[in-house]
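**Q** Once you've had a glance at the structure underneath, I'll fire off some questions.
Derivation of every value follows stated rules applied to the coordinates shown; laboratory data play no part. In this text, all values refer to a predicted model and were calculated from it rather than measured experimentally. Here the Cβ positions follow ideal geometry from the backbone for every residue, glycine too, while neighbour counts run over all protein chains shown.
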Amino acid sequence: MQTFVEREVPITADKLWGILGDFGNMGWAPGIEKTEVIGEGIGMIRRIHMPNMPPIDEVLESVDHSAMHFSYTIPRGLPMPIKNYRAEVQLTALPNGSTRIHWACTGKPEGISDADVAAIMQGAYDQMIGWLVDALS
């Protein structure tokens, strides 16, 4: 399964990357009780604690600050019916001062169709992009 969301937002790429480029920073996402950062750089884990859920471990797999791109996996705690989850985020600065956000993932659905998992993930990415815009507006 592969899916993505691509949206243009009225925020500069530098401002967005100031948050997203700091992989351990989840202050922009509401509902998180605590984020633990384990390690640094490639291989670091951001362990996200949400109410009434086991922790979610997100592992930074790659980062390119000059290209405003990173990828991560979720080997533990993913609350979606998907295995082997891998996501990529790419920011592209646009001439009008806005930014195109491309958030994509691959994985293997468990117990539901590719289309259903894709729809779930697209909804999650739309929500996260909305939180970023709200946090920076």
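**Q** Taking the Cα centre of the chain as origin and charging only Cβ (+1 Lys, Arg; -1 Asp, Glu), how large is the dipole, in debye to the nearest 20? Don't skip to the end; give the middle numbers.
**A** Numbers: 10 positive and 17 negative charges, 23 e Å.
About 120 debye.
**Q** Next question. With Rg/Rh (Cα atoms, Kirkwood Rh) in mind, check (1) 1.02; (2) 0.98; (3) 0.95 and report the label derived from this structure.
**A** Derived directly from the coordinates: (3).
**Q** Can you list the GluC sites (Glu not before Pro) in the range 60-137 that are in a DSSP coil and have 14 or fewer other beta carbons within 10 angstrom?
**A** Numbers: sites: GLU61, GLU88, GLU110; in loops: GLU110.
Loop-located and lightly packed - GLU110.
**Q** So for the chain, averaging the separation of alpha carbon pairs under 8 Å that are six or more residues apart and normalising by length, what relative contact order in percent results?
**A** Numbers: 268 pairs, mean separation 40.1, N = 137.
After rounding, I find 29 percent.
**Q** Along the charge dipole of the chain, pointing to its positive end and built from +1/-1 on Cβ of Lys, Arg, Asp and Glu, which listed residue (LEU20, ALA67, ALA124) has its Cα farthest out?
**A** The listed residue farthest towards the positive side: ALA124.
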